[in-house]
Amino acid sequence: MGNRLKGKVAVVSGAGRGLGRAEALALAAEGAKVVVNDLGVALDGSKDAARPADEVVAEIKKMGGEAVANYDSVATWQGGENIIKTAIDKFGRLDILVNNAGIIRDRMIYNITEAEWDAVIKTHLYGTFHCTRAACVIFREQRSGRIINTSSEAGLGSVGQPNYSAAKEGIVGFTRTVAREMGPYGVTCNAIRPRAATRMTLSEGLLKVAEQAKASGDPAQIAQAEQIEALQRMTPEDVAPLVVYLATDEAANVNGCVFLVRGNIVTRESDPTPVKTIEAKGSRWTVDDLIKTFPTTLGQDLVNPAPPRLSVITKEMSEYIGKELAPVVFEIEKGAIKKLAQAVGDPNPLWQDESYAQKTEYGGIIASPTFVALLKAESANVLIQLECPLPLILDGGIEIEYREPVRPGDVITGTPKLADVKEKEARTGKMILMVLETVYKNQKGQVAVITRQTAIRR
């Protein structure tokens with residue numbers, strides 16, 4: 001047990017697991033008495049029978065410290081009041097507040113519900129406010145105090161987390177304002193953006209994805225798996241020492257700062273600063289002047305962080321044009337083709353009347369509609385080879401050119417390649433038009449069939 005925080009009292013919200021737990025234990029290890037707040041809920045905020053706050057209190061007491069559990073919700077005004085009151089009632093004072101409680105309910109902005117938005121904002125942003133407001137009444141009177149808020153890199157932009165991102169970057173603005181308001185009273189307020197493996201950042205599903213990606217053999221997927229493995233090595237215990245430092249007397253002049261902390265690295269971030277400025281010749285800018293001036297001034301080095309998806313896909317797919325892909329092999333089995341023809345409702349009589357088939361020009365060629373069904377299925381495999389992120393493929397038709405007869409027992413090997421890819425405007429909006437060409441040869445090396453299939457992605 002250390003003594004850097006001896007005689008001080010700390011409140012840590014969301015301290016039952018992950019970062020909060022590590023922070024509570026680290027504060028206690030330096031002599032602080034700790035209020036371990038945790039509502040005991042699942043990751044999405046739903047009720048959980050577990051009482052993790054009790055477990056952390058037991059750990060602190062086992063190491064010779066003092067702690068008490070609190071089960072109030074930070075999402076309500078009264079909950080915040082009760083959490084701070086617990087410190088005063090149990091230990092007679094309050095010196096340190098670590099706002100850490102949080103939940104996630106990830107959704108894309110076009111899918112998120114009002115309840116999902118409110119739940120995350122209430123817990124993270126309101127929760128930070130509720131506890132801070134109650135604590136600042138005490139800190140102002142005693143002319144001292146330390147507040148450490150938990151933001152996130154998600155606040156800089158995180159797909160699928162509009163609620164979480166808004167809350168976490170809101171906490172940054174809140175931190176800067178509280179620092180300026182409470183600084184004159186000897187109170188500091190700082191924020192951290194922690195990067196560590198917790199149940200919020202490293203779910204079982206993500207770990208499974210990493211395993212699959214690593215086994216895929218694909219360099220891009222392996223790189224993703226390695227990033228996840230790197231996150232696994234970053235623990236909440238790596239973050240806790242910075243929180244303890246910010247709570248000490250030695251950090252009395254560290255105020256209004258935002259820190260990124262991960263592994264063995266701590267970074268102090270700068271406040272937003274102007275990058276470029278333009279001034280109108282007259283009293284104000286006109287739209288015409290901005291259209292003319294913006295691209296060569298403010299927009300000169302501007303990079304769209306999320307350009308239109310179709311444009312990105314078109315550019316990426318264009319690199320594959322003309323390149324031969326893994327071969328496609330069809331073994332023409334009489335029974336299998338007939339069975340498939342019946343399954344897809346092939347009206348062509350070729351497989352219903354073998355004597356008729358023998359009299360045709362090609363002497364038993366595969367029924368055309370059936371062959372089309374096979375080709376479409378194989379085209380999906382080819383698109384996977386291309387790593388084409390196209391979940392919505394619309395059939396744009398197929399052209400089949402027969403060069404030689406194809407009969408049961410034949411084996412034809414196709415060499416597919418992307419012949420063309422381009423964007424087109426339609427009444428329903430932009431679309432990507434792809435042409436996949438496959439040349440099939442028979443056992444003699446003769447070109448038997450050439451197909452050109454069009455696929456459309458809106």
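The values are calculated or read from the model by the stated rules, or taken from the named source; none is laboratory data. Quick caveat, the model's predicted, so the values are computed rather than measured. With ideal geometry, Cβ positions are generated from the backbone for all residues, glycine too; neighbour counts draw on all protein chains shown.
The table for this structure:
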{"read-out": "Single condition residue 102 does not satisfy, out of (1) surrounded by 22 or more Cβ atoms within 10 Å (Cβ to Cβ); (2) at pLDDT 95 or above; (3) closer than 21 Å to residue 194 by Cα", "value": "(2)"}
{"read-out": "Segment 1-19 - residue that is of a type outside the set (A, V, I, L, M) and under 23 Å from residue 144 (Cα atoms) and, of those, surrounded by the fewest Cβ atoms within 10 Å (Cβ to Cβ)", "value": "3"}
{"read-out": "Residue in segment 101-118 that is among the aliphatic types (A, V, I, L, M), over 26 Å from residue 144 (Cα atoms), outside any loop (DSSP other than H, G, I, E, B) and assigned by TED's automatic domain parsing to the domain that holds residue 140 present", "value": "yes"}
{"read-out": "Tally, over segment 128-163, of residues that are surrounded by 14 or more Cβ atoms within 10 Å (Cβ to Cβ), of a type in the set (D, E, K, R) and not in a helix (DSSP H, G or I)", "value": "1"}
{"read-out": "Any hit, segment 421-430, residues being of a type outside the set (A, V, I, L, M), at pLDDT 75 or above and under 22 Å from residue 318 (Cα atoms)", "value": "yes"}
{"read-out": "Residue 115, sole failed condition from (1) in contact (Cβ under 8 Å) with a residue 24 or more places away in the chain; (2) under 29 Å from the mean Cα position of the chain (by Cα)", "value": "(1)"}
{"read-out": "Search result, residues across segment 399-408 that are modelled with pLDDT of 70 or more and either touching a helix residue (DSSP H, G or I) at 6+ places or on another chain (Cβ under 8 Å) or among the polar types (S, T, N, Q) (or both)", "value": "400"}
{"read-out": "Residue list for segment 267-286, restricted to those being farther than 23 Å from residue 170 by Cβ, within 36 Å of the chain's Cα centre (by Cα) and among the hydrophobic types (A, V, I, L, M, F, W, C)", "value": "278"}
{"read-out": "Sole residue being basic (Lys, Arg) and at pLDDT 75 or above, chosen from 323, 339", "value": "323"}
{"read-out": "Single condition residue 302 does not satisfy, out of (1) at pLDDT 70 or above; (2) closer than 21 Å to residue 160 by Cβ", "value": "(2)"}
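Let's see how each residue does on (1) surrounded by 10 or more Cβ atoms within 10 Å (Cβ to Cβ); (2) of a type in the set (A, V, I, L, M); (3) part of a helix (DSSP H, G or I):
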| position | (1), (2), (3) |
| --- | --- |
| 255 | yes, no, no |
| 259 | yes, no, no |
| 279 | no, no, no |
| 294 | yes, no, yes |
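Per-residue answers, yes or no, for (1) closer than 19 Å to residue 101 by Cα; (2) modelled with pLDDT of 70 or more; (3) in contact with a Leu (Cβ under 7 Å, 6 or more places away or on another chain):
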| position | (1), (2), (3) |
| --- | --- |
| 163 | yes, yes, no |
| 168 | yes, yes, no |
| 174 | yes, yes, no |
| 193 | yes, yes, yes |
| 198 | yes, no, yes |
| 211 | no, no, no |
